[in-house]
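In what follows, a single structure is set out as structure tokens and then discussed.
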2 protein chains.
Amino acid sequence: MTIASRPTIPAERYAERLRQISGRLLLHRVDAALIGVGPDLDYLTGYRAMPLERLTMLAIGAGRPPVLVVPRLEEPAARAGLRTPLDIATWMETDDPHALVVSLLGRDAGGGRVAVSDRLWSFHLLRLQAVLPSATWSSVTAVLRELRMVKDHDEIELLRLAGAAADRVVDQIASGRLVGRSEADVATEVRQRLQAEGHELPEFAIVASGPNSASPHHEASDRVIQAGEPIVLDIGGALGGYGSDTTRTLWVTGGDERNGPTKEFRHLFGVLLAAQQAATRAVRPGVAAEAIDRTARNIIDGEGYGENFFHRTGHGIGLEGHEEPYLIAGNDEPLAEGMAFSVEPGIYLPGRYGARIEDIIVCGADGPIILNNEPRELRVVAG
Amino acid sequence: MTIASRPTIPAERYAERLRQISGRLLLHRVDAALIGVGPDLDYLTGYRAMPLERLTMLAIGAGRPPVLVVPRLEEPAARAGLRTPLDIATWMETDDPHALVVSLLGRDAGGGRVAVSDRLWSFHLLRLQAVLPSATWSSVTAVLRELRMVKDHDEIELLRLAGAAADRVVDQIASGRLVGRSEADVATEVRQRLQAEGHELPEFAIVASGPNSASPHHEASDRVIQAGEPIVLDIGGALGGYGSDTTRTLWVTGGDERNGPTKEFRHLFGVLLAAQQAATRAVRPGVAAEAIDRTARNIIDGEGYGENFFHRTGHGIGLEGHEEPYLIAGNDEPLAEGMAFSVEPGIYLPGRYGARIEDIIVCGADGPIILNNEPRELRVVAG
């Protein structure tokens, strides 16, 4: 798949987003937004750069045109990377870039309210705070979240492509040899296949076999996969900037039917599948994010596995692998058409085994639009 | 190359580093160090995790044993990833992890001095500042830099392996077809070859052809490489956690000698090579970091290219691709045996072309130990 064949966010969308954030600064009574390298900068300008010790920052003073501050040596890269025209201010290696940023904000920033992007390194925030010691600091997510949470048509298309690519990789891995290989070896294959299916770096690949399947964020290890155990495969990355993230649970028999799933595991998995499906079906505009979590949790609790489901039901996804809205108790955010998030309950019996099922769901006008469509049933394979 | 064949940092080294940082907190009159996911945490504990919105943090209150705070769902991953025994405190999804961290620091942190890791997300720092509104905040690099800057034998071995692997990839790319391919296509090949040579994610691959070679941090584009132009190839990543970073400049002729380098480019390149070599030779214990920069800059200035060399001469390298010491005017840090850094002057004629040469150098007892050993001369290839 070449980059040219992908949908891209139209250039005019970035100008529109920049106009919207300026209005929102007023609404949120924020005097300035300071946006470092990362998904917020990508969302507003299309510019993607590596986060480093040299400051790159979009400075937006309320009522002023935004200015992108970049190191002089990255000026041509920034001009090539921006998807919308912007004023650029450069700094030389021995200049103070944090003072430069503050100088672009106007007088109001001095004792005012300054919002910064969540992923900005503390290295930079501490320097900005030293230049503006009387300012009050907050997260720019309060200003940007309502924009970023609701995906437009092109963003949903990219999420759909990313999801379909990840689905193909799940099927390729589940159809291949697994028993006798190390988790790390399978994880390497997952990463290579995600790239072959059009994903960019960085990809993640949880390959959690046997007792490791009870560790939700297991790091693929040298453990050799055995016949007669489950594998939780949780994989994803980004395609055209937009994330994929899907989980399927397999059971490998090594070709011997006597190595099939235990009765207990089949029961546990049945409960999990019912919970995941009920939570997915509950998705529609106006339903609170926490209600989706509660739907899955009630079913799992009711079967006595409540303590074995010790994470939230899901997280938003878009330019970040994890973003708002989070499907978690206490989050009364009403779902809205265009929000995209994972629905991924899990049940884990520590030291023994576990299972998880995860799809990316877009909240449609009438209910869930499901972006991962590999069969969710426990997939019993020879491996 | 399998992971098993690599040197690793011995487990006892982590316990030693943790002891050292505790002593240094006292020395720097810091009441607490808060270390998020990233190179500082890796350095102190060996634990590598993805930086995410869920807080993972090593909390070290002065005079107290360090505690690793992790989300409950990552507890097994943290126990598997730690290279040294540590107390672990877990938090459940709806707990306040920032309050938990602060509760572990003891009374002194309240109005005291708290140092945080540079890469900690502002998302987390702002929440910590809200829990400790009277504390004074600083960078933990002031406490850790002297430890991290000076590499031990095992770290140098890993840097050496990473450098040799990157050298092989440079040679493979320079020996292959280039003319008629896009920069992005060549960059993909670079990444695949870096992985094949044992590098982990993420790798970087600057492939800057023709006029793009005048952009030091050029992002590989769809531009098709032409006969009769230079290519700046700046590649690297990490191997066993330790960085590689090397730059060579090629000139592709397409097999026709009439497409060889211009006289001007050969002159410019000769000046650059002399500067890079003089700077390298100047490396020895006790010499100031800025003196290495000045050595390269004086030669380039003297030939009238001063304005065309608009970045520092180098950066430290280790668990981070860029770290202290920086070879830049104003940094009077004396080099010490075991410090590792790049020496990478460049000369750029905007809109036309440019060149850069980069090696990773370790400061040895008697002078430079050079970790990149591909020929530095302008490599004229058919491509």
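Only the coordinates and a few stated rules stand behind these numbers; no lab work does. Remember, it's a predicted structure, so these values are computed and weren't measured experimentally. Because the Cβ atoms are built from the backbone with ideal geometry, glycine has one as well, and the counts that use them run over all protein chains shown.
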- Task: Go through the stretch A:303-314 residue by residue and turn each phi into a ³J(HN,Hα) via Karplus (6.51, -1.76, 1.60, θ = phi - 60°); whole Hz please, and just put x for glycine and proline.
- Result: 9, x, 9, x, 6, 9, 10, 10, 9, 4, 7, x
- Based on the mean of other Cβ atoms within 10 Å per residue, sort peptides B:343-354, B:170-181, B:190-201 so the most packed one is first. B:343-354, B:190-201, B:170-181
- Item | Per-residue average of Cβ from other chains inside 10 Å of A:308-315 | 3
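Listing B:Leu125, A:Leu126 from the residue with the fewest other Cβ atoms within 10 Å to the one with the most, what is the order?
Ordered from fewest to most neighbouring Cβ atoms within 10 Å, B:Leu125, A:Leu126 come out as A:Leu126, B:Leu125.
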- Magnitude of the Cβ-charge dipole (Lys and Arg +1, Asp and Glu -1) of the protein assembly as shown about the Cα centre, nearest 20 debye, reported as 340
- Query: How far is A:Arg72 from itself in the other copies, in nm, if each label sits 7 Å out from Cα along the Cα-Cβ line, shortest first?
  - Reply: 5.5
- Query: So who's got an amide H within less than 5 Å of the one on B:Tyr326, skipping anything under 5 residues away but keeping other chains? H placed 1.01 Å off N, in plane.
  - Reply: B:Gly316
- Query: Say a label goes 7 Å from Cα toward Cβ at A:His153 in every copy; what distances in nm does this one have to the rest, shortest first?
  - Reply: 6.6
- Just name one of A:Trp137, A:Ala109, A:Ile292: the one whose Cα is farthest towards the positive end of the charge dipole of chain A (beta-carbon charges, Lys/Arg +1, Asp/Glu -1). A:Ala109
- Task: Count, for each residue of A:217-227, the Cβ atoms from other chains sitting within 10 Å of its Cβ, then give me the mean as a whole number.
- Result: 3
- Item | ³J(HN,Hα), Karplus 6.51/-1.76/1.60, whole Hz, each residue of the stretch B:268-285, x for Gly, Pro | 3, 5, x, 4, 4, 4, 4, 5, 5, 6, 5, 5, 4, 5, 6, 6, 6, x
- When ranked by the protection proxy of mean other Cβ atoms within 10 Å per residue, highest first, what sequence do the peptides A:91-104, A:239-252 form? A:239-252, A:91-104
- Note on the structure: Calculated from DSSP helices alone, with each H run of at least 4 adding -39500 (n - 2.57) and the total divided by the residues of chain A, [θ]222 nm to the nearest 500 comes to -10500 deg cm²/dmol
- Message: Which one, B:Thr313, B:Thr136, B:Thr280, has the greatest fluctuation when you compute a Gaussian network model over chain B with C-alpha springs under 10 angstrom?
- Response: B:Thr136
- Message: At a 10 Å Cβ-Cβ cut-off, how would you order A:Glu189, A:Glu229, fewest neighbours first?
- Response: A:Glu189, A:Glu229
- Message: Through the Karplus equation 6.51 cos²θ - 1.76 cosθ + 1.60, θ set to phi - 60°, convert the phi angles of the stretch B:93-102 into ³J(HN,Hα) values in whole Hz; use x for Gly and Pro.
- Response: 3, 9, 6, 9, x, 6, 5, 4, 4, 5
- Sorted by chain and number, the residues with a modelled amide H under 5 Å from that of B:Gly354, at a separation of 5 or more or across chains, are B:Ser213, B:Ala214, B:Leu349
- Query: Using a simple charge model, +1 on the beta-carbon of Lys and Arg, -1 on the beta-carbon of Asp and Glu, nothing else, what dipole does the stretch A:133-246 show about its Cα centre, in debye to the nearest 20?
  - Reply: 100
- Message: Label position 7 Å from Cα toward Cβ: report the copy-to-copy distances for B:Leu349 in nm, one decimal, ordered from shortest.
- Response: 7.3
- Relative contact order in percent for chain B (Cα pairs under 8 Å, 6+ apart) equals 15
- Would you work out which of A:Ile357, B:Leu250, A:Ala329 lies farthest towards the positive end of the dipole of the protein assembly as shown? Charges go on Cβ: Lys and Arg +1, Asp and Glu -1. A:Ala329
- Item | Candidate aspartates and glutamates - alpha carbon under 15 Å from A:Lys151, same-chain residues fewer than 8 apart omitted | A:Glu16, A:Asp40, A:Asp42, A:Glu320, A:Glu323, A:Glu324, A:Glu337
- Query: Which of A:Phe269, A:Ala238, A:Leu161 sits farthest toward the positive end of the charge dipole of the stretch A:150-381, with +1 on the Cβ of Lys and Arg and -1 on the Cβ of Asp and Glu?
  - Reply: A:Phe269
- Listed highest first by mean packing, meaning other Cβ atoms within 10 Å per residue, what order do B:42-48, B:303-309 come in? B:42-48, B:303-309
